[in-house]
Amino acid sequence: MSNTVKRKAILTGAHFMNGDFACAEGAIVAGCRFFAGYPITPATEIAERLAERMPEVGGIYIQMEDEIASIAAVIGASYAGLKAMTATSGPGFSLMQENIGLAVMTETPCVIVDVMRGGPSTGQPTLPGQQDVMQAKWGSHGDYEIIALSPSSVQEMFDLTVEAFNMSEIYRVPTILLADEVVGHMWEKVVIPSPENLKIVNRKRPNVSPEKYLPFMPDDNLVPPMACFGEGFAFHATGLTHDEHGYPQTQNSEVQERLVRRLCDKIRKSVDKIVKVEEVMLEDADVVVIAYGIVARAALSAVRKARAEGIKAGLLRPITLWPFPEKHVEKVARRAKKIVVAEMNCGQIVREVQRAAKETPVMFLPKLGEDPHTPMEIFEGIRRNNP
Amino acid sequence: MPERIWRKPLDSEKAKLPKAEIHIIRDQCKGCGYCIQYCPQKVLEESNDINARGVHPPRVVDESKCVLCSFCTSVCPDFAIFVIEKKECKENVKHG
Amino acid sequence: MMTEIEHPLSKYLRKAMMPHIWCSGCGNGIILNCVVQAVDELQMDLDKLVVVSGIGCIGRAAGYINTNSFHTTHGRPIALATGVKLANPNLEVVVISGDGDLFAIGGNHFIHAARRNIGIKVICANNFNYGMTGGQQGPTTPLEALTTTTPYGNIEHPFNLVHLAAASGATYVARWTTLHVRRLTQSIKRLLQKEGFGFIEVVSPCPEIFGRRNKMKTGLEMMEWFRRSSVVENFSDPSKAEITPERIVVGEFVNIDKISYERLLHEKIAHINEEKTWR
């Protein structure tokens, strides 16, 4: 993109872009005006694109000294009123866990993009993996719920980034975009809608005067309306267990029970509104493949090939990885005879599927290493498991 | 140290030192002793009473010696002592 | 005179949280006192003040000041404050934290914020140990001092915080003890009115935990150490501003003008958008 041309925030139209760039554009469209990050393959392009685009839209880009500082700055910016995001990969995601916990505890709306690569540790920086899925849910200490979305196309890198911001604003929870290196680096067509066709949600604001405002008093949906610094609401936010005033209550078990339960319930009780899946040919499927991210693309090809050969195959693609689409898996398990889970790790989502599928046998098709599953590999898996 | 020679201020008859009003919030005192130790006029001393925290709060020895330097006000870690200027007219101070 | 009249600075404190948890003689209360006094003398708009603190006894200060406040995870107040300040440069963002939080786990964030000259103000309560967790050594613990994790005497050289701050690029650097209440308050006022990254180290007594193990078991004994040993050497070489049993060099060491990060950013954004043509 030319540096001498000034672009609008919403670049309505069709584009040919890579996934990371589409994610950056999605953030801008969602209203993100603060990005703090640190270079890491394969998420660096998100930072680079936003370094170029943020000044054009009056937003702030800052490269912090490490990932820990990045997520801390994102929390600060969100509390000062801006929609904020950071982007990283496995090693950086591990560093961010403590402050993701802080974001959960202080109910900070923010988006964290994890473009997964081969792990553990430094692993294979330029190759894909799906090894951070459990970490997205359980990575920080303590009990909590977060929302994690899994794009499997460049268009979804755009769409789901917008969705991630909306979710984080509605539920005041850090929302994780769990992409993988292939979806992040591949180039595809992206259509950016015109402004009137976009659904952007902003955080609910307090509707009481500052004297009456209780920063952590929940509304009907268990989410407290959020004031920001500088608006006259002199409130306190802390990572310590706190009451509705925001004041620390470190000796009171009732407060701990109430707070932690609400932080979990605000997501759990809204599961039906949050969870999204894609269902392909499930009505009469005997073998159902469950796959997400780039693997779902191969799985779709495999399912179509299977159908062409007379096998009643179907695909259930979780778009929301957390909260996990248990009810959808249960429904599939009641009708299908076998479930095949294909993922690029040693077994993460497959455990959730096994739990939800109960008696229905679940076969695991793992793949580690440079390429995602090929359609043929998944097709073979379907054929072998066709009852 | 050379001996200082003070001249008498020309308006020493007219000028008045401000009159101080020292307030001690007894039960907030934690008995650190900073106000007593560092008052330049030695206006405070440890009282014999024991407050709700089990320590001896300070007591004023001679309020007229206080020059309103406010050191005690600033050095108190517990906001338990402050000094304000007594107003000339003898209105009753509102109790907060 | 004993009355029920309110303390003149009480409007700056959150009544529901008082009295504070700090020990008798703890310097944190004095720092809190001087900060709110400076805010009062400047008649600052409290709506625009944001206090960010870290973990440690002094970290509780954010909860006590009646303004926008955030109590972060250990070591991260400066990074969080950076986000706040950049998101809304009209806010006055003050970080109040301790020597361990800011310079051990948080050391990296300190030097980079100073380097960038982000307009946040940092006030460090230096009590030479990790008081909240019972008195372990920290990056400013003096050589040979006794702490719970240096029972035979500390063998680590401590940081010279003003030297570190000056070398990292801070535009305002000062050190005072909690005995220098008036100079500290004036210093905080200057800090709050200055552009760019400013830092004040406050040498603070921790009598219950640090003092008691190191032959100064009351606050008064620690304050006497400050009184006996401190020398005011304004604008002297920060690298030589030592803290020893015999000598505590205090004063203002750096007071320079340097364009802040947020002003540079604002100018850059304006410049970029002027040069570009709309498409």
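The values are calculated or read from the model by the stated rules, or taken from the named source; none is laboratory data. Owing to the predicted nature of the structure, the values given are computational and were not obtained by experimental measurement. Ideal geometry is used to build each Cβ from the backbone, glycine not excepted, and the neighbour counts take in all protein chains shown.
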- Qualifying residue in region C:253-273 (condition: touching a Pro at 6+ places or on another chain (Cβ under 9 Å) and either away from every other protein chain (no Cβ under 14 Å) or under 30 Å from C:Met222 (Cβ atoms) (or both)): yes
- Query: Which ranges mark the helices (runs of 4 or more DSSP H) fully within region C:176-279 that have 2 or more residues being among the β-branched types (Val, Ile, Thr)?
  - Reply: C:181-192, C:261-275
- Task: Can you give me the ranges of the strands (runs of 3 or more DSSP E) entirely in region A:1-100 with at least 3 residues that are in contact (Cβ under 8 Å) with a residue 40 or more places away in the chain and surrounded by 21 or more Cβ atoms within 10 Å (Cβ to Cβ)?
- Result: A:32-37, A:83-88
- Out of A:Ala298, A:Ala356, A:Ala333, report the one residue that is part of a helix (DSSP H, G or I), of a type outside the set (Val, Ile, Thr) and either touching a His at 6+ places or on another chain (Cβ under 8 Å) or under 26 Å from A:Gln155 (Cα atoms) (or both). A:Ala298
- Query: Among the listed residues B:Leu10, B:Leu17, which satisfies the condition of being surrounded by fewer than 18 Cβ atoms within 10 Å (Cβ to Cβ), more than 14 Å from chain C (Cβ to nearest Cβ) and in contact (Cβ under 8 Å) with a residue 40 or more places away in the chain?
  - Reply: B:Leu17
- Message: Looking only at residues that are closer than 28 Å to C:Gly198 by Cβ and among the polar types (S, T, N, Q) in region C:148-169, which one is surrounded by the fewest Cβ atoms within 10 Å (Cβ to Cβ)?
- Response: C:Ser168
- May I ask you to say which residue of A:Leu259, A:Leu222 is out of contact with any strand residue (DSSP E or B) (no Cβ under 8 Å at 6 or more places or on another chain), in contact (Cβ under 8 Å) with a residue 24 or more places away in the chain and farther than 14 Å from A:Tyr79 by Cα? A:Leu222
- Message: Please return the ranges of strands (runs of 3 or more DSSP E) entirely within region A:111-210 where 3 or more residues are surrounded by fewer than 24 Cβ atoms within 10 Å (Cβ to Cβ).
- Response: A:124-128, A:187-192
- Condition met for A:Phe229 (hydrophobic (A, V, I, L, M, F, W, C), in a loop (DSSP other than H, G, I, E, B) and either more than 25 Å from C:Gly54 (Cα to Cα) or touching a Gly at 6+ places or on another chain (Cβ under 8 Å) (or both)): yes
- Query: Does at least one position in region B:39-54 carry a residue that is outside any loop (DSSP other than H, G, I, E, B), facing chain C (nearest Cβ under 7 Å) and at pLDDT 95 or above?
  - Reply: no
- Which residues, taken from region C:111-127, are touching a Ser or Thr at 6+ places or on another chain (Cβ under 7 Å) and either outside any strand (DSSP E or B) or under 14 Å from A:Ala73 (Cα atoms) (or both)? C:Ile111, C:Ala113, C:Ala114, C:Arg115, C:Asn117, C:Ile118, C:Gly119, C:Ile120, C:Asn127
- In this structure, does A:Lys276 turn out to be more than 27 Å from A:Gly347 (Cα to Cα), surrounded by fewer than 17 Cβ atoms within 10 Å (Cβ to Cβ) and away from chain C (no Cβ under 14 Å)? no
- Task: All but one of (1) within 12 Å of another protein chain (Cβ to nearest Cβ); (2) in contact (Cβ under 8 Å) with a residue 24 or more places away in the chain; (3) surrounded by fewer than 18 Cβ atoms within 10 Å (Cβ to Cβ) hold for C:Glu208, so report the exception by its number.
- Result: (3)
- Lone qualifier among B:Glu63, B:Glu13 - being of a type in the set (Asp, Glu) and either modelled with pLDDT of 95 or more or within 9 Å of the chain's Cα centre (by Cα) (or both): B:Glu63
- Take region C:128-139 and flag every residue that is part of a loop (DSSP other than H, G, I, E, B) and at negative phi. C:Asn129, C:Gly131, C:Met132, C:Thr133, C:Gln137, C:Gly138, C:Pro139
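What helices (runs of 4 or more DSSP H), lying completely within region C:1-101, carry at least 1 residues that are within 14 Å of chain B (Cβ to nearest Cβ)?
Passing ranges, in order: C:27-41, C:61-64.
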- Task: Residue by residue through region A:343-387, note down the ones that are surrounded by 16 or more Cβ atoms within 10 Å (Cβ to Cβ) and in contact with a Phe, Trp or Tyr (Cβ under 8 Å, 6 or more places away or on another chain).
- Result: A:Glu343, A:Ile349, A:Val350, A:Glu352, A:Ala356
- Task: Of the numbered conditions (1) part of a loop (DSSP other than H, G, I, E, B); (2) within 13 Å of chain C (Cβ to nearest Cβ), A:Ala285 fails exactly one; give the number of that condition.
- Result: (2)
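Only one of C:Ala113, C:Ala145, C:Ala125 is at pLDDT 95 or above and surrounded by fewer than 22 Cβ atoms within 10 Å (Cβ to Cβ); which?
Criteria check complete, one pass: C:Ala145.
How many of the residues in region A:213-251 are more than 14 Å from every other protein chain (Cβ to nearest Cβ) and more than 23 Å from A:Leu82 (Cα to Cα)? Walk me through how you get there before you give the answer.
Taking region A:213-251 first, the residues more than 14 Å from every other protein chain (Cβ to nearest Cβ) are A:217-225.
Filter once more, keeping what is more than 23 Å from A:Leu82 (Cα to Cα): A:220.
Residues meeting the conditions: 1.
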- Counting only residues that are touching a residue at least 24 places away in the same chain (Cβ under 8 Å) and under 26 Å from C:Gly211 (Cβ atoms), region C:18-56 contains a total of 22
